[in-house]
Amino acid sequence: MLWTISKINIRSKKGYKDVYLPEHPNADKRGRVLLHRIIMENYINRLLKTNEIVHHKNGDPNDNNINNLELMLSSEHTRLHKKINNNLIKLLCEFCGKEFERSKKNIHNDKHFCCRSHIMKYYGKINKKRNKKQIENIQHGTYSRYRRGCKCKLCKEVQAKRIYEWRNKNNMRP
């Protein structure tokens, strides 16, 4: 057992209980740590990492029974709550045929794509009048921000132009 629990408080915002442990490395300014994190640390006999989340399986923040607590990474926790809250449905990409998930509120058309580049490639194949340069412009440069670190010619041109304008504005020589 790592920590001995002496005084339990109830936080008002979300109903989570906390404990006064000023010697804990993850305590806040007032020396408080969330009770469910302390219970999990005592159970696994080590400190929790910053990217680890203690999830309440039944959704009740007051139920801190070890059988109700589950240790997971923050990315897994986000994915779990996204599935619960957004009613994800499975779709097939029109371009590559890959199966992917999207929330019901983000579906607006009858055609579905797993990524933005597949949208551009699909409509570029249908509309032969569009050339590759126009599709690239739609993808990164003209209609949205260029991607920093992208190696394509268009993004390099946009980045060079921005640097040139910034230097002229600040009276700096190249």
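Rundown of residues vs (1) closer than 30 Å to LYS111 by Cα; (2) of a type in the set (D, E, K, R), yes/no style:
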{"residue": "TYR43", "(1), (2)": "no, no"}
{"residue": "LEU48", "(1), (2)": "no, no"}
{"residue": "ASN62", "(1), (2)": "no, no"}
{"residue": "GLU76", "(1), (2)": "yes, yes"}
{"residue": "LEU80", "(1), (2)": "yes, no"}
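Does ARG145 count as exposed (fewer than 15 other Cβ atoms within 10 Å of the Cβ), at pLDDT below 80 and of a type outside the set (Asp, Glu)? Before the answer, list the steps.
On the way: exposed (fewer than 15 other Cβ atoms within 10 Å of the Cβ): yes; at pLDDT below 80: yes; of a type outside the set (Asp, Glu): yes.
Spelling it out, ARG145 is indeed exposed (fewer than 15 other Cβ atoms within 10 Å of the Cβ), at pLDDT below 80 and of a type outside the set (Asp, Glu).
Pairs only if they're at least six apart or on different chains, beta carbon under 7 angstrom, first in the stretch 38-50 and under 17 Å from GLU23 (Cβ atoms) and free of Cβ contacts under 8 Å to residues at least 24 places away in the same chain, second part of a helix (DSSP H, G or I) and among the aliphatic types (A, V, I, L, M); list them, first residue then second.
Hits for this filter: LEU48/MET40.
Can you go through LYS133, LYS105, LYS129, LYS125 and tell me which one is at pLDDT below 70, surrounded by fewer than 12 Cβ atoms within 10 Å (Cβ to Cβ), in a loop (DSSP other than H, G, I, E, B) and of a type in the set (Lys, Arg)?
LYS129
Out of (1) in a helix (DSSP H, G or I); (2) at pLDDT below 70; (3) more than 30 Å from LEU80 (Cα to Cα), what's the single condition that is false for GLN159?
Status for GLN159: all satisfied but (2).
The values are calculated or read from the model by the stated rules, or taken from the named source; none is laboratory data. Not measured: the values here are computed from a predicted model. Ideal geometry is used to build each Cβ from the backbone, glycine not excepted, and the neighbour counts take in all protein chains shown.
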